[in-house]
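A quick write-up on the structure given underneath.
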Amino acid sequence: MKILALLFVLCMIVRLAFAQENAAEKAATSELPSLLSIYKDIHAHPELSTREEKTAAIMARELRAAGCEVTENFGKYDNPNMKCYGVVGIMKNGAGPTVLVRTDMDALPVEEETGLPYASKVTTKDDNGRDVHVMHACGHDAHMAAFVGTARALQRMKDKWSGTIIFVAQPAEEAIGGARALLKAGLYNRFGKPDFALGFHDKADLQTGHIGVTPGYTYANVDSVDVTVRGIGGHGAYPHKTKDPIVLAAEMINAWQTIASRENNPIDPIVVTVGSIHGGTKHNIISDEAKMQLSVRTYKSEVRDRVLTAIDRIAKGVASAGGVPPDRAPIVTVDKERYTLATYNNPDLTKRLIEVWRKALGPDNVEIVDPTMGGEDFSEYSLPDHSIPAVDFHIGAVDPEKIAQFKKEGKELPTLHSSKFAPVPEPTIKVGIIGMTSAVLELMKK
Ligand SMILES: [Zn+2]
Ligand SMILES: [Zn+2]
């Protein structure tokens, strides 16, 4: 008798779990037609980072329609003259945990070459006054459609969860600074500190219908470093009367690569890229200085500190070994404004959500994917010490047949930011809604 009762309870639990997943899928399917028209509208009318005025208005309208209390123009950039178009929608449903759900809103200065009927034809002037085309080449438009779908689905399923959801439509992800602008304006003081933070991003090499996720570090710390190598200029024919900053710069570039190979624990990935080098004016003049711009990528904060210190030490050491006087030592500056912290997917939370997604999408449709050394300012929401458990997961955006065909032909698929990249809207947005809705329900279930 006891066994029968136990079996009955187990059956009820399984049935309830399935009912919840089916409810997420059902809500996603019924909302899809109207979400696709929102998606195509946003895709055809992209806005550059920090200028997301019209896009933010759509997000505010949709969150309000989904029953949220909405705050617009939220956020504070360092430049007081810049308006911030952050949108925060609060969905309250009694006592319980607080979960933050984030989408990004900005597009890129790319000329669209997808040939889609709803392709962007938008042009504008960038911050330097140059004429540029604008395109949603990173798929943030798909994120927004799935974000709105998630809000609608959770509004309809209020009997299945309790607590508070903070929906955040974030500006300026590509330019870095959007998430920080929202936190600086007191996102957590005003709307409450979340117990969990969730984000998603489409993936340009993952098949539609699949969710991908990386437990632990998924995106890197990204730092920008400027180095001015100061020498003593003179005639190109008399190097012995000069200190050549270009030769010193070349030595520094090689020596910096030994940080990865000789100073660093090989299991901690690091990248030191010299993306720009400029010095001199003419064949026969040894210049006074050379300037370099570096991109430095790491995961752990102690590795980040060590690499940045090593870059400075090596630059100064090379100059000193070359006989540059101390008052002409290189100037090494780490940009304290433009940096991205590493995104860390809380391993326990990731494990929990993988189980949820396997049930919702099928066990073969959830993939563990490799981390990248790219950057994502979603990291800000979990705070620098990762004290708020967070997960930023991937949504497959490419037709599996297209992946197979490109593989067969030995060709690379268009990457994010490519003029030819566009997610397949229907399954991508639908899986985004199912993935996000089922994750929120898991964390807030009654
Ligand atoms: Zn991007
Ligand atoms: Zn992106």
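Taking the beta-carbon count within 10 Å as an exposure proxy, list LEU35, LEU183 from fewest neighbours to most.
On the way: LEU35 25, LEU183 17.
Listing LEU35, LEU183 from fewest to most nearby Cβ atoms yields LEU183, LEU35.
Fewest to most neighbouring Cβ within 10 Å: what's the order for HIS240, HIS140, HIS417, HIS394? Could the numbers behind the result be given before it?
Values: HIS240 5, HIS140 27, HIS417 14, HIS394 21.
Going from sparsest to densest Cβ surroundings: HIS240, HIS417, HIS394, HIS140.
Distance cut-off 20 Å, Cα to Cα: go down the list LYS158/LYS446; LYS282/LYS316; LYS26/LYS158 and report the pairs above it.
Too far apart for the 20 Å limit: LYS282/LYS316.
Quick one: what Rg and Dmax do you get for the range 328-416 from the alpha carbons, in Å?
Computed over the Cα atoms of the range 328-416, radius of gyration and Dmax are 18.4, 63 Å.
Starting with the fewest neighbours, write out ASP78, ASP377 ranked by other beta-carbon atoms found within 10 Å of each beta-carbon. Don't skip to the answer; put the middle values down first.
On the way: ASP78 10, ASP377 28.
The order, fewest Cβ neighbours first, is ASP78, ASP377.
Running Debye on the range 378-430 with equal point scatterers at the Cα sites and no solvent, what base-10 log of I(q)/I(0) appears at q = 0.26, 0.30, 0.31 Å⁻¹?
-1.01, -1.17, -1.20
How big is the shadow of the Cα convex hull of the range 19-172, averaged over all directions, in nm²?
On the way: hull surface 40.2 nm².
So the mean shadow area of the Cα hull is 10.0 nm².
In the chain, what % of DSSP beta bridges are antiparallel (nearest 5)? Walk me through the numbers before you get to the answer.
Working: 48 of 71 bridges.
Here the share of antiparallel DSSP bridges comes out near 70 percent.
Once you've got the GNM for the chain with C-alpha springs shorter than 10 Å, pick whichever of GLY199, GLY178, GLY67 has the biggest mean-square fluctuation.
It is GLY67.
If eta is 0.890 mPa s and T is 25 °C, what Stokes-Einstein diffusion coefficient results for the range 282-430, Kirkwood Rh from Cα pairs, in µm²/s?
On the way: Rh = 20.2 Å.
Taking Rh from Cα pairs, D becomes 122 µm²/s.
Compute from the Cα atoms of the range 261-340 the Rg and the Dmax, the latter being the longest Cα-Cα distance, and quote both in angstrom.
Computed over the Cα atoms of the range 261-340, radius of gyration and Dmax are 14.8, 45 Å.
Compute the whole-percent fraction of alpha carbon pairs in the range 213-267 spaced more than 14 Å apart. List each step's numbers first, then the result.
Numbers: 1064 of 1485 pairs.
The share of Cα pairs beyond 14 Å in the range 213-267 comes to 72 percent.
Please compute the contact order of the chain in relative form: average sequence separation of alpha-carbon pairs under 8 Å and at least six residues apart, divided by the residue count, as a percent.
Details: 966 pairs, mean separation 102.7, N = 446.
Over the chain, the number comes to 23 percent.
For ASN73, list long-range residues whose amide hydrogen, built 1.01 Å from N in the peptide plane, is under 5 Å from its own amide hydrogen.
It is GLY86, by chain and number.
Over the Cα atoms, compute the radius of gyration (one decimal) and Dmax (the largest Cα-Cα distance, rounded to a whole number) for the chain, in Å.
25.0, 100
With the dipole of the chain worked out from charges on the C-beta (+1 for Lys and Arg, -1 for Asp and Glu) around the Cα centre, which of PRO325, ASN264, THR98 lies farthest toward the positive end?
Farthest towards the positive end: THR98.
Coordinate-derived values only; no laboratory data. Keep in mind the model is a prediction, meaning the values are calculated, not measured. A quick note on method: Cβ atoms are made from the backbone with ideal geometry, for glycine too, and the neighbour counts reach across all protein chains shown.
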